[in-house]
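In what follows, a structure is listed as structure tokens, so that the remarks can point back to it.
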Amino acid sequence: MKLPFRKTEAIESPYSIEVKELTKCFGSFTAVDHISFQVKKGEIFGFLGANGAGKTTTIRMLCSLLMPTSGQATIAGYDLATQHKMIKRNIGYMSQKFSLYDDLTVFENMQMFGTIYNIPRKELKERIASSLEMLNLQDQAKTLVYSIPLGWKQKLAFATAILHRPKIVFLDEPTSGVDPIVRREFWDLIYAAASKGVTIFVTTHYMDEAEYCGRISIMSNGQLKLIGTPSELKERMGVDSIEQVFVKFVER
Amino acid sequence: MKELRQILKKEFTHIFRDKITLFLVLAIPIMLVLLFGFTISTDIRHANISVMDLSADSQSKALIEKITASGYFEVVSYPKTESDINHDFKDKNIKLAIIIPQNFEEQLTNERFVTIQIISDVSDMNVASVLNNYVKAILYSFTEEYNGNSSSAIELCTEMRYNPEANSVYMFVPGIITLIMIIVTALMSSITLSREVETGTMRMLLIAPVKKVYVIIGKVIPYMILSFISTILILVISVLVFHMPINGSVWLLLFVCIIFMLTAASCGMAISALVKTQLDAMMITMMGLFLPTALLSGFLFPIDNMPYFFQLLANIFPGKWFIIAIKDVMLKGSSFIDIWEYVLILFGMASALMFISLTRLDRRR
């Protein structure tokens, strides 16, 4: 069932995500309404918006879980419409909902996801060892995920999501429900990944986290209303925190 | 294939970590067969009966002798009048009264036709019908001995042919296999698939560059293997403990079981593709598949006795076709040519359901 135009080459571009007029309708309801934006390679891009603004739908489309109704997107140089498989190989994903297997050990979880991403066995072992070292979880390799604290679980999920060295990681509210210290540590992990050239696409409800992003965008009713660096946006709205930007914007 | 192996490995790890489920899956079939075989068995022994012998000649005495010797009946009284019989029903707790008419021997020899009246206590319908069948079987063999030919004097029960002892275990085993396969294959796979949807791990698997088919079959195959083991356990117990015959080919029997397992697994997949939570998956599988299969597949209640609507409804549940097929193989010794239609129906259902679940998986969250 291979289509003749399904190429495996990527397009060279300074952007790792390019979205043009992307739209998703569910029946008569337009969840995502002609949004366009670009994300540069290695950038930390914050994707903000009230609940139900269309953030999760957008992420699901960008991860090729959901077919867009119309519009185009290029993810890691691959066309969203025709190169699903290549996109899947080059992205990582982690959601607010903890999504590792509770009844498998830390090591088994990482091994399972590493293997389905086709990382060679020996290489995988080394990568798991170094991830666990980075997370300070070496001693927990054989612990069932069920019994480790939520903060560690979220960090573990992040490490698992970047195990196959994706070009882009989509993080859907990765820090909801964890304490401020773990959130800080989590952002250290994000910075470390970004410094290696991984593009981070993150949604959050914590406004202090929005300040950590290179650029942010604010979505409302399926449309992308604002986009820019945190300081640009604060200046444009004449306020001194992203929280005020958000509130002011949502009130309008 | 490496991905498929990994998913299989993971699924087996889930199963072996969950000792309680594993135990239930393997122990329940054994318990069910033993339970049905030993206790819920509808075989009745030493039922109290009355015999009103109005002729009291040598043949009627021989018949009574034969009835007593069968071991199924205990003659507790010999009433003289109909009202005595009524008393026996109330006081002596008889299940059945047999009335042998006057001039029994003479009618049997000259007219070759005798009507023997049976009055039975139908307050428990199952018991009554089983006892009636016993009496019919005894009368049949009695007249056969007497005549030595088939122009028998008493109406016969043809349904008894494949199970002359009316041994109920033979009827229950195919039903139990069906229900166990539905629990282990359909229920467990619908639960395991919807659990991944519920916990969000399904999304992780779908985002990964793995073929959807691998994800699904990798999750379902382990349960098919488990249910195959259960089926073999049930068969071994039925043969060793209850001396159930397998008159047809064992390989054909196992082949039909595998086809039904595919059908049950596809039911599980299709159900999990329609729901979002484990609880929904469980409720729908139990109420929408398990219960109708138990009630409509002909294993507890004969399909022929159902209202027409339910007879039609029974056709859409795969259990009915499977039970017919394995009963034929085990009791009648049918070969593939005799049962291919049933196998084809099961296979068709499996393919259709599998198609639905694969196309619906995209829409999962």
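The values are calculated or read from the model by the stated rules, or taken from the named source; none is laboratory data. Fair warning: this is a prediction, and the values are worked out from it, not measured in the lab. Glycine gets a Cβ as well: all are built from the backbone with ideal geometry, and neighbour counts include every protein chain shown. Side chains included, ligands, DNA and RNA excluded: accessible areas come from the protein's heavy atoms. Shrake-Rupley method; radii C 1.70, N 1.55, O 1.52, S 1.80 Å.
Here are a few things to note about the model shown:
- Hits in region B:331-356 (condition: modelled with pLDDT under 85 and assigned to a helix (DSSP H, G or I)): B:LEU331, B:LYS332
- Residues being open to solvent by less than 10 Å² (accessible area, probe 1.4 Å), more than 7 Å from chain B (Cβ to nearest Cβ) and closer than 14 Å to A:LEU144 by Cβ - total across region A:104-121: 3
- For the criterion of being of a type in the set (Phe, Trp, Tyr) and more than 9 Å from every other protein chain (Cβ to nearest Cβ), A:TYR93 fails.
Results for (1) open to solvent by 30 Å² or more (accessible area, probe 1.4 Å); (2) within 14 Å of the chain's Cα centre (by Cα), shown as yes or no for each residue.
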position: A:ALA10; (1), (2): yes, no
position: A:GLY27; (1), (2): yes, no
position: A:THR30; (1), (2): yes, no
position: A:ILE44; (1), (2): no, yes
position: A:CYS63; (1), (2): no, yes
position: A:LEU66; (1), (2): no, no
position: A:GLY92; (1), (2): no, yes
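- A single entry from A:LYS125, A:LYS155 fulfils the requirement of being away from chain B (no Cβ under 13 Å), within 26 Å of B:PHE16 (Cβ to Cβ) and either in contact with a strand residue (DSSP E or B) (Cβ under 6 Å, 6 or more places away or on another chain) or in a helix (DSSP H, G or I) (or both): A:LYS125.
- Which numbered condition B:ILE85 misses (of (1) within 14 Å of chain A (Cβ to nearest Cβ); (2) open to solvent by less than 50 Å² (accessible area, probe 1.4 Å); (3) not polar (S, T, N, Q)): (1)
- Residue count for region A:128-145, restricted to those that are open to solvent by less than 40 Å² (accessible area, probe 1.4 Å) and not hydroxyl-bearing (Ser, Thr, Tyr): 6
- Of everything in region B:291-304 that is surrounded by 19 or more Cβ atoms within 10 Å (Cβ to Cβ) and not hydroxyl-bearing (Ser, Thr, Tyr), the residue that is farthest from B:ASP328 (Cα to Cα) is B:LEU296.
- Applying the criterion of being part of a loop (DSSP other than H, G, I, E, B) and either on the phi < 0 side of the Ramachandran plot or free of Cβ contacts under 8 Å to residues at least 12 places away in the same chain (or both) to the residues of region A:166-182, the residue that is surrounded by the fewest Cβ atoms within 10 Å (Cβ to Cβ) is A:ASP179.
- Of all positions in region B:318-330, none carries a residue that is farther than 23 Å from B:LEU252 by Cα, open to solvent by less than 50 Å² (accessible area, probe 1.4 Å) and in the same structural domain as B:ILE207 (by TED's automatic domain parsing).
- Selection from region B:170-215 of residues that are open to solvent by 10 Å² or more (accessible area, probe 1.4 Å) and within 18 Å of the chain's Cα centre (by Cα): B:TYR170, B:MET171, B:PHE172, B:LEU179, B:ILE183
- Residues that are touching a Lys or Arg at 6+ places or on another chain (Cβ under 8 Å) and closer than 16 Å to B:ILE119 by Cα within region B:48-77 comprise B:ASN48, B:ILE49, B:SER50, B:MET52, B:ASP53, B:VAL76, B:SER77, listed in sequence order.
- Only one of the numbered conditions (1) open to solvent by less than 60 Å² (accessible area, probe 1.4 Å); (2) at pLDDT below 90 is not met by A:THR203, and that is (2).
- Filter result (within 14 Å of chain A (Cβ to nearest Cβ), of a type in the set (A, V, I, L, M) and open to solvent by less than 60 Å² (accessible area, probe 1.4 Å)) within region B:3-37: B:LEU4, B:ILE7, B:LEU8, B:ILE15, B:LEU22
- Identity of the residue in region A:57-77, under 15 Å from A:LEU224 (Cβ atoms) and touching a Lys or Arg at 6+ places or on another chain (Cβ under 9 Å), that ends up farthest from the other protein chains (Cβ to nearest Cβ): A:GLY71
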